[in-house]
Amino acid sequence: MTDPISLNLKINGQSHALDVEPRVTLLDALREHLHLTGTKKGCDQGQCGACTVFVDGRRVLSCLTLAAQAEGAEITTIEGLAGADGALHPVQEAFLEHDAFQCGYCTPGQIMSAVACIKEGHAGSEAEIREYMSGNLCRCGAYNSIVAAVRQAAEAV
Amino acid sequence: MTLMEPRKHGSASDSAVGSRLSRLDGRLKITGGATYALEQPVENVAHAVLVPATIGAGRVVSIDTSAAEASPGVRLVITPQTEMGLLVSGDWGGNRPEIVPYHPLSLDVTYNGQAIAAVIAETIEQAAEAARLVKVEYEEGAVVVDLFDPKANNRKSLDQMAVKWGDAEAAFAGAAVQVEAEYRTPREYHVPIEPHGLIAEWSGDQLTVWEPSQWTHGMARMYSEWFDLPLENVRVISPFIGGGFGSKGAPYFYGAVAIFAAKVLQRPVKLAVTRSQGFTAYGGRASTQQTLKLGASEDGKLQAIIVDGANETSTYADFTEQTEAATPLMYAVENFRSSHTLVKTNTVTPGALRAPGKNPSAFGIESAMDELAYKLGMDPLELRLKNYADHDYQSGKPWSSRRLREALETGAERFGWSRRSHAPRSMKEGRTLIGWGIGCGTFPNLRNSAEALIRILPNGRVEVESGSIDMGQGTYTIVAQTAADALGVPVDLVDVKLGDSLWAGAPVAGGSMLASSITGAVHKAAVAAREELIALALTEEGSPFRETGANTLSIENGRITTSIGDGPALDFATFLRQVRRESLEVRRDTLPEGTKPADANKFWTTMANVQGPTATDFSVHSWGAHFVEVKVDEDFGTVRVSRIVSAFDCGLIYNPKLAESQWRGGIIMGIGQALLEEGLIDPRNGRVINNNLGDYLVPTNADVPHIEVISVGEPDLEASVLGGKGVGEVGIVGVAPAIANAVFHATGKRIRDLPLTLDKIL
Ligand code: FES
Ligand code: FES
C-alpha cells in the first residue's frame, strides 16, 4: 500500500513527474506534492466543492479522485485558468467585479464550477445557475454575487 | 487627532472611504494565488493526525501505541502520558493563574471526539493510517447528552449577568395581555470552508506558527505562555483566513500538540484538523433555552419583560451564550428582569459564533413580540414602532445613534409590507402558503486601540503594515482606502500587509470591532505621514518647495504641490530622491494618552481594554431590521425563503460593496440557522452524529433568494474615528425569528425551537 509509484501528471499544460503512494488523492498531489495550492481542501469527503478541478474538461472533485486516476489526462486547476499573459478569464473578472467571495477559500472551486456550468449550458437563468452551482458551498454566503457573476460571464463567453 | 470629514457613499470609480472599491486581495483569491496557512511552502514538514475518543465520558484505561509506532513513516506518537511541560495560559482577558501545568491531552474523557493521542509521520496518509492503529481501552462513564438530559443537574446560575429594573414580576402579573413561551436553539457550528490547523516550526527558541487566525497578537501571547517563551519569540502568521466566524480567535489544544511535536522532532509539523474533527476540536454555538414573559397593555404598550435563559457548557470550562444579551435593548419597557444559568454537559466547550448571545437572544424576543402582536391583533411592524426605545432603558443613556425606525420604515416600504394581510394562512398561491415576517437585530459597538505603520518606500509606493487580519471582511481594502484618503494618494499606490503578530498591534477581529479600530489607527498614521512629508518638503535641503515661501503644502493624487498648485508637483519617489531620503516611516497608535510602552502589548494581546457599548456617555450599537417572505408547501411542509429585504444602521460604511457582502453573509447564515443547522447528538454516547457537510446542512446556492440590503446609517462619531459601527455580526441577528414569524404567518404554526424542519411544520 505504501510503496510509491511514479506518476506523470499533465497540469495546466505542463508535465509534472512525482513519486507518491498509490492512495494519494489528486487534491493532495496538487497541494502537498506539487505546491499547486490554488485548489482548496474544504472537507476531503466530496461534500463542499472547494477542490473542483477539470479532468479532460469535466469538473471533478479532486479529493475523491486518486492522483493515479488522472494520469494521462489533461488536468486544469485555477492556476491555469487565466491566460499566459495574466489576462483573467471572464468568470474571474466577473467574480471580482461582483464581489462574489469574501474569505476566498471556496472561490477557486466556485470559479471552476462556474466555468463548467456555463460551458455545459446551465447558466440560462438565475434559478438554473443556483441549482448547478449548489455543489459548491460558500460559508461566507457570497451566493447572490456568485449568481450575478455567472450570469454576466455567461453573456461574455 | 485630526478628524477626516466623513464622506457619504461614493461611486465605484472612486477609492475614497465610503466608495465601492473592489476587494484589493481579490485578484490573488480568484487566481489561486492567495496562500492560506496550511499552504505555506515550508520544507521538510511532518504531518500530525489526531486520535479521537470514541466514548462520551469516562477514562482512558490504557493506550497501546506499539502498532502505530511500528507503522511505516511514523516518527512520534503523543499520548496523555507524554510529559509536555506546558503551562496554563491566560484567558482572553489576560488573567492567568499562578504557574499551573497545562495538559492538552488528558486521560479523562469529557466529550466524544476529544483527542487522546496524536500520531506524527512523514506523510499525511501514513499518519492517518497509524492513527487508526492506536488501541485505546476505556472505562465508560455516564454521558450528559444535552441541556434537557435528566442527568443535567450540574447547573450554575450567573448572578453577575442578571439585569433588573422596575418590578417586572408585578408588572407582568398585572398586565392585560401576556405572552409566556419557551424558545430553544440547538448546537450550531461555524464550519468555515477552510478547516482549522497549523504549521509549527522552531528555530532555536524562536517559534513560528502559520495558522488561520482572527487575532495574531492574542494567539501569539497564549502560545508564548503555554511554552513559557518571551512574547517576542513567538510569531503567528496569517495572511489569509478561509472564514472564521469566531472560531479562529484563540489557539486550541491541537496547536500545543503540533508545536510540541515540532520541538521534539526538530522539524516543522503540520496538523490539519479534518472536517469531521472540526465539530469537536473546538466548540460551536452552545444550545440554548429561554423562557420569556411579555406583559403589555391592551393597546400594545409593553409593561414588562422577563427572560430566564440557559446554555450548555462543557464539564471543564464555562462558556456563556447570553440569551438575554439583546433582550433589554430592543424596546421601551419600564420593568425588566433577566437571569442566566449554565448547564454542564459532555461537550467540547462551546465558543463564540457570529453574534454570540445577541443571536439566540433575538430569536427569543423577536419571536415573542410576534406572538404578542397576534394576541393583540396588531400588525407586528406597528407593535415594534409603538414600543420604540428612544434611549437605552438598561443603562439609562441616550443612544449615540439608532436609526432602527428608519430601518423598519425603509425595509417595510421596499418589501411592500403594507400589502400584507394579517391573518395566518391568509396569503396563498395555490397549494403554496405565503408568509411574511419581521425580525430586528442589534450588536454592541466595541472599541479597542490599535496601531499602524506606514512606510513611503524609495519607489514612491505606500506600504501599510498591521498585525490585524482579513478573513473576508475586507480589511486589506478598507485599510488601503483609509490610508489613500488621508495621505492624498490614489489607492493603487498603497500596499497593505496584514496578518503577522510581529507587526503593528491590533485587537481581535471579533465582536465586529476590527474595522473601526484599525481604520482609526491607519488614519492617524497616514495623517502623520502626510504632515511629515509636508514638513520635510518645506524645510529639507534639496526640496524645491523650500524656496517657494509657502507655509503649507498639499498632497493630492500622490503628488506634493503648493496649496494653490502654482509651483512644482512631485511624486513621492522623486521627492525622496531630491531630499536624499531613502524612505519615510511613521508609526502611530490610538492608545489612551499616557499609556506606558510596556503596557501597550496588553491592548493587542488581551481583551482587557476593550470598551463596551456604554463605556462613554452614550449607548452605542448597530441595528437592523429583516423582512422575510417564505413559501411553505402545504402538503410537504417544506419551507423556502423566497425574498428578504434587510435594512441596517451601522453608521458610516467604509466600503458599501464589501459591507453588503458581509450583511448578506450574516443573513444567509441566519437562513441556515432557521431552517437547516442543528448538531445532532447520539443519546447513547454524546457523539455529534452529523459531523460532516453532507449531514450538518449549511445553505447552498439554491437555498438562497436574492437578498436586498440597505444602509440607513449615518456617520456616528461616538462610535469610531471615522463614524463606522460594527458590520460583521448584526447581519445574522434577527434573521431566524423573522423566518419563524413568516412561517407562522404562512401556516399558523408557532415553532419555538430551531431549526424549522418539516417534521415540526407538518
Ligand atoms: S474538498 Fe473535495 S469536495 Fe470538499
Ligand atoms: S468566500 Fe468564504 S467560503 Fe466562500
The stretch B:556-662: strands (runs of 3 or more DSSP E) wholly inside it with 2 or more residues that are within 26 Å of B:H217 (Cα to Cα) and touching a residue at least 60 places away in the same chain (Cβ under 8 Å) are B:584-589
- If you go through the stretch B:608-618 one residue at a time, do you hit one that is surrounded by 15 or more Cβ atoms within 10 Å (Cβ to Cβ), in contact with a Leu (Cβ under 9 Å, 6 or more places away or on another chain) and modelled with pLDDT of 95 or more? yes
Scanning the stretch A:138-154 for residues that are within 13 Å of ligand 2 (Cβ to nearest atom) and surrounded by 24 or more Cβ atoms within 10 Å (Cβ to Cβ) gives A:C138, A:R139, A:C140, A:G141, A:A142, A:Y143, A:N144, A:I146, A:A149
In the stretch B:271-291, anything over 17 Å from the mean Cα position of the chain (by Cα), part of a loop (DSSP other than H, G, I, E, B) and either within 14 Å of chain A (Cβ to nearest Cβ) or of a type outside the set (G, A, S) (or both) is listed as B:V273, B:T274, B:R275, B:S276, B:T280
Expected single match for away from ligand 2 (no atom under 16 Å from the Cβ) and in a loop (DSSP other than H, G, I, E, B) among A:D19, A:D3 is A:D3
Residue set A:G13, A:G46; condition within 12 Å of chain B (Cβ to nearest Cβ), away from ligand 2 (no atom under 16 Å from the Cβ) and closer than 23 Å to A:K119 by Cα; output residue A:G46
| field | Flag for B:G441 being crowded, with 24+ Cβ neighbours inside 10 Å and either out of contact with any Gly (no Cβ under 6 Å at 6 or more places or on another chain) or at pLDDT below 95 (or both) | value | no
The one condition A:I75 fails out of (1) in the same structural domain as A:H35 (by TED's automatic domain parsing); (2) part of a loop (DSSP other than H, G, I, E, B) is (2)
Of the residues that make up the stretch A:64-71, is at least one within 12 Å of ligand 1 (Cβ to nearest atom), within 23 Å of B:I193 (Cα to Cα) and in the same structural domain as A:I11 (by TED's automatic domain parsing)?
-> yes
Checklist entry - Does B:Q266 satisfy being outside the structural domain of B:S203 (by TED's automatic domain parsing), surrounded by fewer than 24 Cβ atoms within 10 Å (Cβ to Cβ) and touching a residue at least 60 places away in the same chain (Cβ under 8 Å)? => result no
Over the stretch A:1-45, the set of residues within 13 Å of the chain's Cα centre (by Cα) and among the small types (G, A, S) is A:G38, A:G42
Taking the stretch B:91-133 and keeping only residues that are among the acidic types (D, E) and either on the phi > 0 side of the Ramachandran plot or buried (at least 23 other Cβ atoms within 10 Å of the Cβ) (or both), one is left with B:E125
Within the stretch A:19-43, residues being more than 10 Å from chain B (Cβ to nearest Cβ) and among the charged types (D, E, K, R) number 1
Here the residues within the stretch A:64-107 that are more than 10 Å from chain B (Cβ to nearest Cβ) and surrounded by fewer than 17 Cβ atoms within 10 Å (Cβ to Cβ) are A:L64, A:Q69, A:E71, A:G72, A:E74, A:G83, A:A84, A:D85, A:A87
So, first residue free of Cβ contacts under 8 Å to residues at least 24 places away in the same chain and under 15 Å from B:A272 (Cβ atoms) in the stretch A:43-58, second residue within 13 Å of ligand 2 (Cβ to nearest atom) and part of a loop (DSSP other than H, G, I, E, B), Cβ within less than 7 Å, six or more apart or across chains; the pairs are A:C43/B:L693
Taking first residues from the stretch B:122-142 that are away from chain A (no Cβ under 14 Å) and second residues anywhere that are assigned to a helix (DSSP H, G or I), the pairs with Cβ under 9 Å that are 6 or more apart or on different chains are B:A131/B:A68; B:V134/B:A67; B:V134/B:A68; B:K135/B:S66; B:K135/B:A67; B:K135/B:A68
Residue pairs within 7 Å by beta carbon, gap of at least six or interchain, first lying in the stretch A:131-157 and within 9 Å of chain B (Cβ to nearest Cβ), second outside any loop (DSSP other than H, G, I, E, B) and among the acidic types (D, E), listed first then second, are A:V147/A:E126
Per the filter on the stretch A:85-106, residues of a type in the set (A, V, I, L, M) and in contact with a Ser or Thr (Cβ under 8 Å, 6 or more places away or on another chain) are A:L88, A:L96, A:A100
The one condition B:V462 fails out of (1) under 30 Å from the mean Cα position of the chain (by Cα); (2) at pLDDT below 95 is (2)
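Yes/no matrix, rows are residues, columns are (1) surrounded by 23 or more Cβ atoms within 10 Å (Cβ to Cβ); (2) free of Cβ contacts under 8 Å to residues at least 24 places away in the same chain; (3) within 12 Å of chain A (Cβ to nearest Cβ):
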residue: B:A16; (1), (2), (3): no, no, no
residue: B:R27; (1), (2), (3): no, yes, yes
residue: B:I30; (1), (2), (3): yes, yes, yes
residue: B:N44; (1), (2), (3): no, no, no
residue: B:S62; (1), (2), (3): no, no, no
residue: B:A70; (1), (2), (3): no, yes, no
Practice task
Please tell me if A:I11 is over 30 Å from B:A130 (Cα atoms), aliphatic (A, V, I, L, M) and within 15 Å of ligand 1 (Cβ to nearest atom).
Solution key: no
Quick count over the stretch B:698-741, residues being part of a helix (DSSP H, G or I), within 14 Å of another protein chain (Cβ to nearest Cβ) and within 19 Å of B:G441 (Cβ to Cβ), is 1
Scanning the stretch A:44-58 for residues that are surrounded by 24 or more Cβ atoms within 10 Å (Cβ to Cβ) and near ligand 1 (Cβ under 7 Å from one of its atoms) gives A:C48, A:G49, A:A50, A:C51
So the helices (runs of 4 or more DSSP H) completely within the stretch B:321-429 holding 3 or more residues that are more than 25 Å from the chain's Cα centre (by Cα) and within 25 Å of B:G713 (Cβ to Cβ) are B:380-386, B:404-415
Picked from the stretch A:78-91 (must be farther than 15 Å from A:I11 by Cα and not in a helix (DSSP H, G or I)), the residue farthest from ligand 1 (Cβ to nearest atom) is A:D85
For the stretch A:92-134 the number of residues that are aromatic (F, W, Y), part of a loop (DSSP other than H, G, I, E, B) and more than 13 Å from ligand 2 (Cβ to nearest atom) is 0
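The values are calculated or read from the model by the stated rules, or taken from the named source; none is laboratory data. Since the model is a prediction, treat every value here as computed from it, not as a measurement. Backbone-built Cβ (ideal geometry, glycine too); neighbour counts: all protein chains shown.
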